[in-house]
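Working notes, beginning with the structure itself.
None of the figures in this text is laboratory data; all of them are computed from the coordinates on show. Just so we're clear, the structure is a prediction, and the values are computed from it rather than from any experiment. In this analysis, Cβ positions are derived from the backbone assuming ideal geometry, glycine residues included, and neighbour counts consider all displayed protein chains.
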Amino acid sequence: MPKGVEHLAQWASLPENRSARTAVERVADCVVGRQLRSLTLPARLTVNPLFLHGPAGVGKTHLVAGLAARVVERCPGLSAVILTAGDFDRDHAESPADLAAARQADFVAVEDVHRLSAGAVEPVVQLLDRSLARQVQLVFTAAVGPALLERLPARLTSRLASGLIVGIESLSPASRLLFLQDRVARRGMKVEPGVLEWLAERVGGSGRQLEGAVVRLEALTRLHGGSPGVEIVAESFRADADTRRATVERIAQGVGRYFRVEPRRLQERDRSRQAILPRQVGMYLARRLTDLSLDQIGAYFGGRDHSTVLHACRKVELALSADLALSGAVRQLQADLV
């Protein structure tokens, strides 16, 4: 099987990532169709740029690699370049050559846009403008959507948001079970009843973590000379499961990582916009996912009283129905924490 087809064929299509898979296949069809027919497609039929966002381990890199490989396989005369944010400001000999190749390529992907430094913004803007003018297909990936890339200037984020934006979420327990069943079947493994269900409830929600769990399960099978039962699997994975228990500390770390704010700032009297929303989200999640009282939550988040915590929780709840970006952030954080 060709590499690009194999990349995408191995992708487990699940509710959390189905839209991204559809978008990638549409982009491949647009690029190939434009090349084979030498057409200038109407803007309404193109998907440019495509912006994929989601936390680490959900498969953004896998999709980008599969898309690039499929485009080149179907049109061998095309060139594809995949860059990372670091390629735009890294002081080493390879970067100039990589950037020069990107300026001439037919397909360009830039990964981890949320990691761009201030000095890298202008080169990315120039590449973006030049590529769009030449009808070169662009794909960007990041941990969050363009609206949440607050460190980056509007002249870049507005361009990133001008195409199709697709989020990929961490997998729910039901989707984790489907993923595990798929990977076990691909390996031809026999698994005792209840084992995959136990893992789906306790292993992290990213494909990368689940792949690792299957590898460990296969090693356990070899070690015990047959399919281990739930008790043996639980004993082997218990330490990992315990570390996934939602605590206020884990919540603060996860929220800080998502909003790119130092967790300690959530515990300070910082009233800046960059700290207020993450702190409120942290309080909201702590109330939903832990057994702590409002007073205990408030004490952790900077010695605030229970009425402040209650106000924060209600404010987040009201905003969830109207603010799609916030709703997506909260869903993502919950999936990562449970």
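Return the FRET efficiency for the residue pair Met189, Glu317: r is the Cβ-Cβ distance, R0 is 30 Å, and the value is rounded to the nearest 0.05.
Efficiency for this residue pair is about 0.10.
If only Cα atoms are counted, what is the Rg of region 254-337, and what is its Dmax, in Å?
My reading of the Cα-based Rg and Dmax gives 11.7, 30 Å.
If I model a spin label as a point 7 Å beyond the Cα along the Cα-Cβ vector, how far apart are those points for Leu292 and His224 in nm?
3.7 nm
Go ahead and set up a Gaussian network model of the chain, Cα springs under 10 Å, then flag whichever of Gly86, Gly256, Gly229 fluctuates most.
In this elastic network of the chain, the residue with the biggest mean-square fluctuation among Gly86, Gly256, Gly229 is Gly229.
Pop out the ³J(HN,Hα) list for region 133-150 in order, Karplus 6.51 cos²θ - 1.76 cosθ + 1.60 with θ = phi - 60°, rounded to Hz; leave Gly and Pro as x.
5, 8, 6, 7, 6, 10, 9, 10, 10, 7, 6, 9, x, x, 5, 9, 8, 5
Using the Karplus equation 6.51 cos²θ - 1.76 cosθ + 1.60 (θ = phi - 60°), what ³J(HN,Hα) coupling, rounded to whole Hz, does each residue of region 68-85 give in order, writing x for Gly and Pro?
Here the 3J(HN,Hα) series is 4, 5, 5, 4, 5, 5, 7, 9, x, x, 7, 10, 10, 10, 10, 10, 10, 4 Hz.
Rounded to the nearest 500, what is the 222 nm mean residue ellipticity of the chain from helices alone, with -39500 (n - 2.57) per DSSP H run of 4+ residues and division by all residues?
Computed ellipticity for the chain at 222 nm equals -18000 deg cm²/dmol.
Summing +1 for each Lys or Arg and -1 for each Asp or Glu, what net charge is found among the other residues whose Cβ lies under 13 Å from the Cβ of Gly256?
After counting each charged neighbour, the total is +1.
Dividing the alpha-carbon radius of gyration of region 173-243 by 2.2 N^0.38 Å (N being the number of residues), what value is obtained?
Working: Rg = 10.8 Å, N = 71, 2.2 N^0.38 = 11.1 Å.
Against the compact-globule rule of thumb, the ratio is 0.98.
Take every Cα pair under 8 Å in the chain that's 6+ residues apart, average their separations, divide by the length, and report that relative contact order as a whole percent.
Relative contact order for the chain comes out at 16 percent.
When the chain is treated as a GNM, springs tying every alpha-carbon pair under 10 Å, which of Asp291, Asp87, Asp106 comes out with the largest mean-square fluctuation?
Asp291
Mean separation of Cα pairs under 8 Å and 6+ residues apart, divided by the residue count of region 173-243: what relative contact order is that in percent?
Relative contact order comes out at 37 percent.
Out of residues 5 or more away from Thr84 or on other chains, whose amide H comes under 5 Å of its own, with H placed 1.01 Å from N in the peptide plane?
Those lying under 5 Å, H to H, from Thr84 are Glu111.
Rank Arg21, Arg245, Arg260 by mean-square fluctuation in a GNM of the chain with C-alpha springs under 10 angstrom and give only the top-ranked residue.
Judging by the Gaussian network model, the answer is Arg245.
Please list, ordered by chain and number, the residues whose modelled amide H lies under 5 Å from the amide H of Gly54; skip anything fewer than 5 residues away on the same chain.
Long-range HN contacts for Gly54: Ala142, Ala143, Val144, Ile168.
From the Cα trace of region 202-329, what convex hull volume per residue do you get, rounded to a whole Å³? Please list the in-between numbers first.
Working: hull volume 16.1 nm³, N = 128.
Residue-normalised Cα hull volume stands at 126 Å³.
Starting at the first residue of region 217-230, write each ³J(HN,Hα) from the Karplus equation 6.51 cos²θ - 1.76 cosθ + 1.60 with θ = phi - 60°, in whole Hz, x for Gly and Pro.
Here the 3J(HN,Hα) series is 5, 5, 5, 4, 4, 5, 4, 9, x, x, 5, x, x, 4 Hz.
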